[in-house]
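Reading through the structure tokens given below for one structure.
The values are calculated or read from the model by the stated rules, or taken from the named source; none is laboratory data. Since the model is a prediction, treat every value here as computed from it, not as a measurement. Note: areas computed on protein heavy atoms with side chains; ligands, DNA, RNA excluded. Shrake-Rupley method; radii C 1.70, N 1.55, O 1.52, S 1.80 Å.
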Amino acid sequence: MKKATYFIVYAATLAIGVLLLIFSQEPLTRPEPLTLRSIVIAAGIVYIAIGVINFLFSLRKKETPYGTVKTRPWYLTAMSIAAVFWGILMLAMSTPMTTTLAVTLGVSLIIAAFAQAMWIAGATHTSGVSGWWYVVPVCVLGAGIIDITLVNDYARLGQSSSTACVLSGILLLCYSVNGFISLRNLIHRREKAIEKALCEVSAEKASAEAGKESTTRTATDK
């Protein structure tokens, strides 16, 4: 279920990135870019959906192949709440957020970057994913900061919004591709880790049973 959720989220992110590139010139030609406003609303829905789903998952305890139960990291819950809050703002204030689109995209990229970095951090801890996967979230974070700083001339918001659309669109494409690849590798690594853990557990049980049988035979012989 969770893997399917991430797949849907990365697919939606890919679609939003493509749309931002396609309609990046709309702020220069229309005083009220309705298409970009629709994209802002769609992005808000995505943030709320993934935030709610991750929040529910963060409340569930995780059972390892060894039989131990672990609680989810607190920062997953915090990021889920932040995503829901930002998604609600995007829906409730879609018009002003479209007017200052560079800031909206900048904050959205920053939240997305932290979310993917935390997901990779958890995967690295449990499945040994390479630290190179952090490169894309760091670049997305940098792009988000750049987007926010583009709004330095409120008389030319259209130009800053158009530039932010291009930059954000490219980074969201990279973000999505990185997510798809890391998700596939994570699934493969976790399957191997679970298989290894199950083999170790089976070996320990076999060893314990052998020891028990040996003790029983020794007691019988006496």
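Relative to the current alpha-carbon distance between V18 and I170, full extension at 0.36 nm per residue lengthens the span by 53.9 nm. Each residue was assigned an accessible area with a 1.4 Å probe, and for Y47 the value is about 30 Å².
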